[in-house]
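Undergrad: Dumping the structure here so I can ask a few things about it.
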Amino acid sequence: AFCEALGLRVVGTLFPNLDFAKAPEMGSAGAVVWLNPVGWEQIEDGVFLRRGLRVVRSHPPYGHSGTRDWLRRVSSVLGLEGSDELFERARKEHANAFTALRRECRRRTVALIGDQTDISLLASSGRTFGFSVAGLLCDLGFNVRCLVWSPAGADARALRRARAPRGSGTVEFVP
């Protein structure tokens, strides 16, 4: 729905099969928008650019912040305007449902459990997922407790806090 509202038409899915002959609908495409951040760096843009396609590489649109950022990225690369207005219209249209969902989520606490490496991956926006799992949960309104196993003498509090919009859920690291 967001793509259509920006004037874009989705013509097909090319991955995991990169054979253009098996995806004739791609002939009418003007751009390739990547949605899966894992493994995409192995496929160069040249194969698409040589066919006259613009390439948008962005992480999947998870949560409010992720969706807003994704719309901005797609709009920017494709030279489109109105992504912020589109997002705000959708947010306002569904405001009651989002408010009810957030209210319910705030009553819940999600535990992310692991060693420092696991929790670091779940709490950062690094290359592994392309988004912070803890940040996404906070964006939805959940309270997140990161239960960190650490060997004696290690300081689990040295981990970075997940970035979350103000007024949403909380993140707490517990050694």
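The values are calculated or read from the model by the stated rules, or taken from the named source; none is laboratory data. Worth saying up front: this structure is predicted, and the values here are computed from it rather than measured. Don't worry about glycine lacking a Cβ; one is built from the backbone with ideal geometry, like all the others, and counts go over all protein chains shown. Only protein heavy atoms, including side chains, enter the accessible area calculation; ligands, DNA and RNA are left aside. Shrake-Rupley method; radii C 1.70, N 1.55, O 1.52, S 1.80 Å.
Undergrad: So is L71 touching a Ser or Thr at 6+ places or on another chain (Cβ under 6 Å) and open to solvent by less than 60 Å² (accessible area, probe 1.4 Å) or not? Break it down stepwise before answering.
TA: Details: touching a Ser or Thr at 6+ places or on another chain (Cβ under 6 Å): yes; open to solvent by less than 60 Å² (accessible area, probe 1.4 Å): yes.
Yes: the conditions hold for L71.
Undergrad: Confirm whether G114 is of a type outside the set (S, T, Y), under 17 Å from the mean Cα position of the chain (by Cα), modelled with pLDDT of 65 or more and open to solvent by less than 70 Å² (accessible area, probe 1.4 Å). If you could, list the steps in order and put the result at the bottom.
TA: Values: of a type outside the set (S, T, Y): yes; under 17 Å from the mean Cα position of the chain (by Cα): no; modelled with pLDDT of 65 or more: yes; open to solvent by less than 70 Å² (accessible area, probe 1.4 Å): yes.
So G114 does not fit the description; no.
Undergrad: Quick check: anything in segment 74-87 touching a residue at least 12 places away in the same chain (Cβ under 8 Å) and open to solvent by 90 Å² or more (accessible area, probe 1.4 Å)? It would help to see each step written out before you state the result.
TA: Here is the first cut: in segment 74-87, the ones touching a residue at least 12 places away in the same chain (Cβ under 8 Å) are 74-75, 77-78, 80, 82-84, 86-87.
Then drop every residue that is not open to solvent by 90 Å² or more (accessible area, probe 1.4 Å), which leaves none.
No, segment 74-87 has no match at all.
Undergrad: Might you check whether a residue that is charged (D, E, K, R), in contact with a strand residue (DSSP E or B) (Cβ under 6 Å, 6 or more places away or on another chain), over 15 Å from H64 (Cβ atoms) and modelled with pLDDT of 85 or more occurs anywhere in segment 154-171?
TA: No, that holds for no residue.
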